[in-house]
Amino acid sequence: MSKFVAAGITAFAAEHFSGCLPLFLAAAGVMVASGCSAIKPADSFTLLTELPPGFSIKGEASYVPRTGEMCSVPAKKGRNFPGLKFFEQKLSAGAQTARFEVPLTSTEGGCPLVLKSFGYEVDAKYGAARLNLGRDYTGIAFQDGIADSQNAPSPMVLQKQCEWFFRTVGPKRYIAKILECKSVATPEQENGTVAKGPLQLAQLVGKTVKVVFAISSEESPAMGDNWVKFPTGWKRCMGESLEDPYAFCNGNITDFKPFKMPDGRDCTVYPNCTEQGQ
């Protein structure tokens with residue numbers, strides 16, 4: 001980057017951001033949630049994302065030509081281009097709330113663009129090791145045009161329910177987990193206060209949308225006929241032998257095999273690890 005371009009970016013950041021200049025320059029085009037204050041774009045909405053402990057997200061706002069426009073999204077050059085804007089919230093051991101100011105429109109590249117979707121890449125930790133990580137994708141859809149009503153609640157609350165699905169992997173049968181997150185209707189959507197389906201852009205100017213991610217307290221096997229549930233927890237079917245990697249029950253609900261928790265403990269019942277729940 002030349003000193004003239006760098007100076008231009010610095011001047012722009014100093015004019016439009018308050019207390020965020022180091023972060024703005026370090027992010028180099030990636031919008032990152034932070035505690036500093038930034039002036040909201042005139043045509044935007046606030047996206048709050050509530051995350052359980054051990055979660056992180058990356059967000060991708062996608063833009064398309066406004067309804068009736070004959071132009072096209074400019075060609076992609078590198079990771080950042082007019083049709084996409086990126087956001088990120090880092091992993092935290094505790095519950096956290098990410099706050100993003102998301103533009104509803106864009107004129108970058110000379111084509112009037114409107115927000116089409118906001119996609120989440122959701123990562124969640126289930127153990128201390130680097131690979132003890134589950135990932136899923138979910139998002140929000142938006143609709144251009146005239147709003148049915150301008151009286152959308154603010155914040156408008158959307159719910160994402162996440163669940164862990166467990167299985168065993170490898171010859172030592174370590175527990176690994178798969179994360180699945182999906183949209184569930186809120187009470188407001190059930191009673192019709194908030195419509196289901198894409199959010200209307202015309203309703204969102206200056207408003208707040210809150211997306212609440214919750215994790216289910218119950219976990220389920222990732223595959224059927226591998227585990228049997230008892231009052232003390234789930235037991236792993238033996239299959240044909242200890243070495244059988246698939247180990248379907250096939251009606252045998254009396255022979256089981258041990259497995260290892262992500263932290264290395266030898267266990268016979270999931271998730272309490274032993275018959276006594278220790």
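Worth pointing out:
- If R0 is 45 Å, the Cβ-Cβ spacing of Thr268 and Phe81 corresponds to a FRET efficiency of close to 0.25.
- Rel. contact order, % - alpha carbon contacts under 8 angstrom, at least six apart, segment 177-278: 17
- A crude spin-label estimate for the pair Glu188 and Thr208, with each label 7 Å from Cα along the Cβ direction, gives 1.1 nm.
- For segment 237-278, applying the loop criterion from DSSP together with a ceiling of 11 other beta carbons within 10 Å to the chymotrypsin sites (Phe, Trp or Tyr not before Pro) yields Tyr246.
- Sorting the segments 100-106, 223-229 by their residues' average number of neighbouring beta-carbon atoms within 10 angstrom, most packed first, yields 100-106, 223-229.
- Ranked packing of 265-271, 129-135, most packed first, by mean Cβ within 10 Å: 265-271, 129-135
- FRET efficiency, 1/(1 + (r/R0)^6) with R0 25 Å, evaluated for Glu101 and Glu121 via beta carbons: 0.80
- Prolate/oblate/rounded call for segment 64-215, Cα gyration tensor, a/c under 1.5 rounded: oblate
- Assigned charges on the beta-carbon of Lys, Arg, Asp, Glu; segment 64-145 dipole about Cα centre (debye): 300
- As a length-normalised measure over Cα pairs under 8 Å and 6 or more apart, the relative contact order of segment 223-267 settles at 30 percent.
- Three-way shape call for segment 223-267 based on the alpha-carbon gyration tensor, with the a/c threshold at 1.5: oblate
- Label-to-label distance, nm, for residues given as Met223 and Asp43 (7 Å Cα→Cβ offset): 5.1
- Partner aspartates and glutamates for Lys235 [C-alpha distance under 20 Å; skip if fewer than 8 residues away on the same chain]: Glu163, Glu218, Glu219, Asp225, Glu243, Asp244, Asp255, Asp263, Asp266, Glu275
No lab work stands behind these numbers, since they all come straight from the coordinates. Computed from a predicted structure; not experimentally measured. When we count neighbours, we look across all protein chains shown, and the Cβ atoms used for this are built from the backbone with ideal geometry, even at glycine.
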